[in-house]
Amino acid sequence: MTGLFTDSIAAVATAPGVGAIAVVRISGSQALQIAARLSGRPPGRFAPRRATLAPVLSAAGERVDEALYTYFAAPASYTGEDVVEISCHGGIATVREVLQAALSAGARSAGPGEFTRRAFLNGKLDLAQAEAVNQLIRARTRTQLIAARHTLSGALSRRLEEIWEQLTAISAAIEASIDFPEDVDEPDRSELAAALDRLYQSVGQVLDLARRGRLLSQGLRLAIVGRPNVGKSSLLNLLAGRPRAIVSDIPGTTRDFLEETVEIGGLPVLAIDTAGIRQTGDPVEQEGTRRALEALEHADIGLVVLDATQGVAEGDLEVLQAAGERAVAVWNKMDLVAVIPDAGELTANAVTISALTGQGLEALQQAILSRLGAGAGYFEEALSASAHQVSLLEQAGQALRGAVASVQSPHALDLAAVQIQTARSRIGELLGKDVAESLLDAIFGAFCIGK
Ligand SMILES: Nc1nc2c(ncn2[C@@H]2O[C@H](COP(=O)(O)OP(=O)(O)OP(=O)(O)O)[C@@H](O)[C@H]2O)c(=O)[nH]1
Ligand SMILES: [Mg+2]
């Protein structure tokens, strides 16, 4: 039972390279016949969900490998079609030959994400879950993995499905009252507005969790900026936990910027150490300053390092201003002073640290996270989402906010009906209802082959 597709696809499902075992996966209505041809055994030899040891034969009948075949009968398989997984010996040449043999036996080479695409089209996963599969394989940190698991397990889909169903019901009631004004009463406006507002709030909550997931997969850009010699490179080294950057007491040590990926509270952070910012005639230092300001401009947060032994000195204000809203001020070298320098408003929330002794590191990490509004467990609740998914949620949210206003206005419900339709179709798109072929190409094209 497969129906939708006539051809059977095959690909290597494991990562390329040398390993003990590699898996070649075949999916489609012909999967069992292909396995039979490949092994020289009758199809009946492969009982569902049983490992069967059998040879792998090339088109010429040559024995390529001895492998374990596992047959998953449709629809109880990853793709929902008949699937045969061949666990063969790992190693680049063996795997290539096994795949080649499978292709000779009648399979077609799978494109990127084609197995998951079939799983989606066969109703095994909705689109939100299918995208989470990609996030799951690409996860590099534990929190990224948790976010992908949440989405894959249906945490996102369940909420969206609920919103979609309510929008469908509301939409139907409004359309009916517009189309048949004599027979159908207009829904009660205040109840309608309240219901739409609740949906708007729900979309907002999902959006918040999806944005966390987005942040998790993109990581945070953190620029470390300040005047020369305040301890920027020392701070980078402290965050990195290793002497990544050159530190010296000569002002102007760092001339270019350098980057290091660190983890703060489960969030991947790209920390960028920059050259000291100052007015100078030296063209190399001028370029360093320009690059520092550029790094700051593209950063999510600018750690503005200040030297506690000097208080706010000439040049600090410019850096703080350049960082603006994104500034987190840091008094460094606190091991050398007894009291926190008082520089008024600008440094009122400054964090105090010593990049030399490591004192204050945890408070600094907390300050960075709370700047993102991230308390404890913030990222643990995240739902993995792609940029496209976040954008669809934003559009649905905007449409719903508009719909609430329209319903509360004295005008006819026509505009509200359109806005509700828009919200409904954006949520539907997220779930993969009536989805266009071109969109599927874009989504699954980002997968690796074999998934
Ligand atoms: N006592 C003490 N010294 C520090 C601290 N942080 C940095 N230093 C010293 O300050 C000097 C400058 O440190 P760097 O980390 O190179 O400063 P920087 O801001 O990167 O300097 P440039 O690259 O020149 O802009 C070095 O001698 C460090 O050892 C600190 O917290 N306490
Ligand atoms: Mg430096």
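Peptide packing for 373-381, 318-326, 262-270 was compared via the average number of neighbouring C-beta atoms within 10 Å per residue; ordered from the highest value, the list is 262-270, 318-326, 373-381.
The Cα center of the range 106-154 and the Cα center of the range 376-411 differ in position by 23 Å. Charges were assigned to the Cβ only: +1 to each Lys and Arg, -1 to each Asp and Glu. The resulting dipole of the chain about its Cα centre is roughly 2020 debye.
The orientation-averaged projection of the convex hull spanning the C-alpha atoms of the chain amounts to 30.1 square nanometres.
How far, in degrees from 0 to 90, does helix 361-371 lean away from the longest principal axis of the Cα atoms of the chain, to the nearest 10? The helix 361-371 is inclined about 70 degrees to the chain.
Label-to-label distance for T253 and S153 is 4.6 nm, based on points extended 7 Å past Cα in the beta-carbon direction. Tell me the angle of helix 189-218 to the major Cα principal axis of the chain, expressed in degrees between 0 and 90 and rounded to the nearest ten. That helix lies at roughly 80 degrees to the long axis. Axis angle, to the nearest 10 degrees, between helix 155-179 and the longest C-alpha principal axis of the chain: 80 degrees. Considering only A396, G281, F115, and ranking their Cα positions along the charge dipole of the chain that arises from unit charges at the beta-carbon of Lys, Arg, Asp and Glu, the one farthest toward the positive end is F115. Across the chain, Cα pairs under 8 Å and at least six residues apart give a relative contact order of 17 percent.
Each stretch of four or more DSSP H residues adds -39500 (n - 2.57); spread over every residue of the chain, this sum gives -14500 deg cm²/dmol at 222 nm. Sites listed here are GluC sites (Glu not before Pro) in the range 153-194 whose DSSP assignment is loop and whose Cβ has at most 12 other Cβ atoms within 10 Å: E182. With contacts taken as Cα pairs under 8 Å at a separation of at least 6 residues, the range 218-378 carries a relative contact order of 23 percent. Residue separation of T6 and R290 scaled by 0.36 nm, minus their Cα-Cα distance, works out to 96.4 nm of gained length. For the pair the range 236-269 / the range 61-80, the C-alpha centres are spaced 49 Å from each other.
For the range 315-334, the residues whose backbone nitrogen is under 14 Å from a point 7 Å from the Cα of A363, taken along Cα to Cβ, are 329-334. Mind checking which lysines have their C-alpha under 29 Å from K124, skipping anything on the same chain fewer than 8 residues away? The reachable lysines, counting only those whose Cα sits under 29 Å from K124, are K433, K451. A simple count of charges around V418, restricted to other residues whose Cβ falls under 11 Å of its Cβ and scoring Lys, Arg +1 and Asp, Glu -1, yields -1.
We did not get these values from a lab; they are worked out from the coordinates using the rules stated. Keep in mind that this is a model prediction, so the values were computed, not measured. Reconstructed Cβ throughout: ideal geometry from the backbone, glycine too, with neighbour counts over all protein chains shown.
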